[in-house]
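The values are calculated or read from the model by the stated rules, or taken from the named source; none is laboratory data. Note that the structure is predicted; figures quoted are calculated from it, not measured. In case anyone asks, the SASA skips ligands and DNA or RNA and just uses the protein heavy atoms, side chains included. Shrake-Rupley method; radii C 1.70, N 1.55, O 1.52, S 1.80 Å.
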Amino acid sequence: MENASYFAHLLSWWEHRNDKNVLFLFYEDMKDDLESVVRKVAAFIGIQDAERIKKAVEMSSFEFMKGNEMKFSDVRLARYRNDACGVADDFAPSKVVTGSATKGRELMDDKTKKMIQEQWLEVVGKQTGFQDYNELRSAFKKETINNNYS
């Protein structure tokens with residue numbers, strides 16, 4: 001996890017979270033209220049057409065994605081990635097698995113969770129002061145609420 005690009009990616013956008021041309025979203029918010037998040041994205045990109053928004057909500061649902069799983073496949077990309085990572089050529093896990101924001105974490109062994117947490121503290125915690133993802137997400141929500149009322 002030396003090159004934990006997710007953390008570097010997160011930090012690169014975190015500093016722009018309040019820029020007018022950046023819409024910062026959390027997967028958990030989509031799981032909690034997909035329609036609200038789709039409407040937020042639509043407003044951000046200037047779409048007001050109710051039918052298009054309704055269709056976007058439908059096609060963003062776990063049920064739609066699970067029913068059309070092959071449309072979201074990374075088979076071609078997986079071949080290159082697998083070779084670089086030493087993984088079997090034919091291994092291409094589905095992106096559409098459980099529809100849960102927490103299931104992956106629940107399935108992880110403690111050693112992996114500890115390694116990820118250590119990397120978080122080293123990369124993200126050092127720069128932001130947040131001890132974990134939930135703390136960052138909570139702070140963002142509070143910041144957003146405060147910015148909306150100021």
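When the solvent-accessible surface of protein heavy atoms is calculated with a 1.4 angstrom probe, in what order do Arg39, Arg52 fall, highest first? Provide the component values of the computation, followed by the final result.
On the way: Arg39 115, Arg52 140 Å².
Ranking Arg39, Arg52 by accessible area, largest first, yields Arg52, Arg39.
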With every protein chain kept in place and a 1.4 Å probe, the residues Lys113, Lys40, Lys142 fall, from largest accessible area down, as Lys142, Lys40, Lys113
For Glu35 the rounded accessible area (nearest 10 Å², probe 1.4 Å, non-protein molecules ignored) is 90 Å²
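Can you classify the stretch 1-73 as rounded, prolate or oblate using the Cα gyration tensor, where a ≥ b ≥ c are the square roots of its eigenvalues, rounded means a/c under 1.5, and otherwise it's prolate if a/b beats b/c and oblate if not? Could you put the intermediate results ahead of the total?
Numbers: a/c = 2.54, a/b = 1.29, b/c = 1.98.
Note, shape of the stretch 1-73 comes out oblate.
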